[in-house]
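Inspection log for the structure reproduced underneath, given as structure tokens.
The values are calculated or read from the model by the stated rules, or taken from the named source; none is laboratory data. Fair warning: this is a prediction, and the values are worked out from it, not measured in the lab. As a convention, Cβ positions derive from the backbone with ideal geometry for all residues, glycine included, and neighbour counts pool all protein chains shown.
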Amino acid sequence: MSYSLDAPIASLSRFAKIFAGRLKKLGITTVRDLLFYFPFRYDDLSNVVAIRDLMNGVKVTVQGTIDLIANRRSPRKHMLITEALIRDATGSIKVVWFQQPFLAKVLPPGTRVALSGVVEEDHYGTQLTSPSYEKMGGGDTIHTGRRVPVYSLTSSVTEKQFRTVLNAALPLIPSVSEWIPKHIRARYQLIDIQAALKSIHFPEDDASLALATRRLKFDELFLLQLRNARSRQTRTAEQAPRITFHEKETKAFVDALPFTLTDDQKKAAWEIIKDMSGQGSAVRGQEPIVSPMHRLLEGDVGSGKTVVAAIVAYNVILSGYRVLLMAPTEILAEQHAQSLIKFFSGTSIHIGLWTASHKLLKKEREEARFIIGTHAILHAKEPLHDVGLVIIDEQHRFGVEQRKELRRHSGEGMTAHLLSMTATPIPRTLALTLYGDLDLSILKMMPRGRKVIETRIVEPHERVTTEGFIANELKKGRQAFVICPLIDPSDTLGVRSATQEFERLKKEIFLSWTIGLLHGRMKAKEKEATMRDFKDGKIHLLVSTAVVEVGVDVPNATIMMIEGAERFGLAQLHQFRGRVGRGEHQSYCFLFADTRGAATKNRLAAVVRSTDGFALAEEDLKLRGSGDLFGTQQSGVLDLRIATLGDTAIIHETQRAVQDLVAQDSTFAAWPELKARIEELEAAIHPE
Ligand code: ADP
Ligand code: MG
């Protein structure tokens, strides 16, 4: 028996040792991990009933003694059936299990046992079929006769096995240290962490479960806010170059663009430049030094973030510094380089593309003032010098390590300004919670003259005509996306999977076209190659999961067909839709869904009606919480396990609590446990 929270699971018991490897897949390696792995629901098996009072169809727990137990084969010998008789003071009842012959050994006559299941009554009599079982010893039951926690597990660990391992860890709860200061716990009526952990796994009743949930949600959101407050403090103390606004040149640059900027674009560019020039932040005398900017530029797909980046980059370059733009993939880096070369064509500024397959020669590297590439840039052997601004496209996480790497390129004691761009429409209030350490610019309006993408919910019986319509578009030379919610077929979910649809469409429907497949289990290289083939028109129809790149521009693609649309968030569907309609041709978005429920249909109808990503994101938040907003790809954005961004009341409470603490002691030195907890987290990954 181990007494340390940081000890590996295997140290808990011999039984736990068997499961250590399998639990690792769930991210659980230590006892602490196990205790902080929360159930996602509870089965109420607390209804302990006397056998005499059993009623057909009711979910009950029966406690008694096994009188008889034996195995037999079903009449056609397909199945092994275990039959038993259990007795309590009021009567006895028959129990049946299938294909679990070992039970006859595990529960021999005379065993005291608790059985939970649904009572079935037919003309043969009353029985319990396949109940969950638990031997009754001295202590409390953990599998029956109570609210039983249910965890999200992999197929290699059963709920029962998990509860058994977890049960062995419960005695260590008292060594979890309390980190929220007492006055905050009192003020916000929070139970202590030990009680919360015990109740979240094995709640006595609804009231204690509610208190535990509140406390643990508060923990997560409080920590998130604290971390934001801290990183803002740290950043303010750093030094970045002061960038001056070159008004005349900027105006000429903007005038030379092939379009007029939207008001939002102008405003965003101005906010960014103002930030980097030190206006509105702590200006240190007349020194050429300001606090580094850390700003998030949010704007729907196609809202024109790249040109905003170009304008601000221009000012940085004119002030004598370099700019780095980092994209998540090579294709996106190339695409950016192409647009930027056009935007800068009237200037003498050199733009360099630097990726794994397109290296910059030393001389080019010296000359290039604006370097576009992937993360490969960060790891360059020789620092680039004089980097004043780093722009990060479509990447929600930017680690501390990466920021340190960046500093190498900025020059002695300096930090570059940081601009992150994202197409995920995070509503402002939410963004302030999530990225409270960042400032925010939003492009809400779209450039004028964008074609409306025709969006339709397609009923199952319209599949054939829709496929015919797609074939017709392909014949005209257009391309199509088919998005599926899963990679592989699933028996239980009944939705189409990418691998299955790929085969079906290839072999049965679109025989004369080239079909591609894209999903998250493929290597990055394979994904890029497939995406590139699609962009180059070598693949006509691309079947993909949600991994399909947000920013990739394929103007020839006019069809976006989404299977199992009800399984995606509205904002996510909107982002998929944004991948078509980028060229001159009319584009279409087809939503296939299991729309038997009116609620589903209403929800999806919002995507048909609205082209406003932010409005759809708000709708998502209201209806289903934050998970959907980021999709599976980016679910790691938030380390929230129990809280959701819909917990608005607690979000406000934690914001207030943090403000109060910072006002009291901005170093947090007065609360060592709290400080340790933040530092622990800071050692892990930071958001952008
Ligand atoms: P995103 O915000 O998705 O990154 P881009 O920056 O790629 O969008 O812009 C999408 C397209 O719109 C590009 O072809 C760009 O040149 C064009 N664009 C940007 N701003 C405007 C504008 N104000 N008017 C017309 N077209 C614009
Ligand atoms: Mg973009």
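Could you check the range 532-580 and list, in sequence order, the residues that are more than 16 Å from ligand 1 (Cβ to nearest atom) and in a helix (DSSP H, G or I)? Steps first, answer last, please.
First, the residues of the range 532-580 that are more than 16 Å from ligand 1 (Cβ to nearest atom): 532-534, 536-547, 558-559, 561-570, 573.
If the condition is that a residue be more than 16 Å from ligand 1 (Cβ to nearest atom) and in a helix (DSSP H, G or I), then 532, 533, 534, 565, 566, 567, 570, 573 are the ones that fit.
Of all residues in the range 424-456, which are within 16 Å of ligand 2 (Cβ to nearest atom), closer than 30 Å to residue 236 by Cβ and modelled with pLDDT under 85?
424, 425, 426
Out of all the residues in the range 37-80, which are charged (D, E, K, R) and either assigned by TED's automatic domain parsing to the domain that holds residue 130 or modelled with pLDDT under 85 (or both)?
Of the range 37-80, the ones charged (D, E, K, R) are 41, 43-44, 52-53, 59, 67, 72-73, 76-77.
Answer for the range 37-80, where residues must be charged (D, E, K, R) and either assigned by TED's automatic domain parsing to the domain that holds residue 130 or modelled with pLDDT under 85 (or both): 43, 44, 52, 53, 59, 67, 72, 73, 76, 77.
For residue 288, all conditions in the list (1) at pLDDT 90 or above; (2) away from ligand 2 (no atom under 16 Å from the Cβ); (3) touching a strand residue (DSSP E or B) at 6+ places or on another chain (Cβ under 8 Å) hold save one; what is the number of the exception?
Residue 288 satisfies every listed condition except (1).
Would you check which residues across the range 418-451 are β-branched (Val, Ile, Thr), under 21 Å from the mean Cα position of the chain (by Cα) and within 12 Å of ligand 1 (Cβ to nearest atom) and list them? Spell out how you get there, then give the answer.
Looking only at the range 418-451, we keep the residues that are β-branched (Val, Ile, Thr), and these are 422, 424, 426, 429, 433, 442.
Still in the running and under 21 Å from the mean Cα position of the chain (by Cα): 422, 424, 426, 429, 433.
Within the range 418-451, 422, 424 meet the criteria.
Return yes when residue 597 is among the small types (Gly, Ala, Ser), at pLDDT 85 or above and either within 16 Å of ligand 2 (Cβ to nearest atom) or over 21 Å from residue 335 (Cα atoms) (or both) and no when it is not. Even if it seems obvious, please write down each step before you answer.
Details: among the small types (Gly, Ala, Ser): yes; at pLDDT 85 or above: no; either within 16 Å of ligand 2 (Cβ to nearest atom) or over 21 Å from residue 335 (Cα atoms) (or both): yes.
No.
Tally up the residues in the range 506-532 that are over 16 Å from residue 549 (Cα atoms) and either in contact with a Cys (Cβ under 7 Å, 6 or more places away or on another chain) or crowded, with 20+ Cβ neighbours inside 10 Å (or both), please.
Adding up the residues that qualify gives 1.
In the range 311-328, how many residues are crowded, with 24+ Cβ neighbours inside 10 Å, within 16 Å of ligand 1 (Cβ to nearest atom) and either part of a helix (DSSP H, G or I) or not assigned by TED's automatic domain parsing to the domain that holds residue 340 (or both)?
3
Starting from residues that are of a type in the set (Lys, Arg), in a helix (DSSP H, G or I) and more than 30 Å from residue 683 (Cβ to Cβ), keep the ones in the range 228-267 and report whichever is farthest from ligand 1 (Cβ to nearest atom). Spell out how you get there, then give the answer.
Of the range 228-267, the ones of a type in the set (Lys, Arg) are 230, 232, 235, 242, 248, 251, 266-267.
Next, only the ones that are in a helix (DSSP H, G or I) stay: 230, 232, 235, 248, 251, 266-267.
Restricting the remaining residues to those that are more than 30 Å from residue 683 (Cβ to Cβ) gives 248, 251, 266-267.
Working: 248: 21, 251: 16, 266: 9, 267: 12 Å.
Among residues in the range 228-267 that are of a type in the set (Lys, Arg), in a helix (DSSP H, G or I) and more than 30 Å from residue 683 (Cβ to Cβ), the one farthest from ligand 1 (Cβ to nearest atom) is 248.
What number of residues within the range 134-166 satisfy the criterion of being in contact with a Gly (Cβ under 9 Å, 6 or more places away or on another chain) and free of Cβ contacts under 8 Å to residues at least 40 places away in the same chain?
1
Can you pull out every residue in the range 105-130 that is in contact (Cβ under 8 Å) with a residue 40 or more places away in the chain and either under 18 Å from residue 58 (Cβ atoms) or of a type in the set (Asp, Glu) (or both)? Give the derivation first.
Pass one, the range 105-130, residues in contact (Cβ under 8 Å) with a residue 40 or more places away in the chain: 107-121, 126, 128.
Scanning the range 105-130 gives 114, 115, 116, 117, 118, 119, 120, 121, 126, 128.
Against the definition (of a type in the set (Gly, Ala, Ser) and within 16 Å of ligand 2 (Cβ to nearest atom)), how does residue 357 come out, yes or no? Outline the logic, then answer.
Working: of a type in the set (Gly, Ala, Ser): yes; within 16 Å of ligand 2 (Cβ to nearest atom): no.
In short, no.
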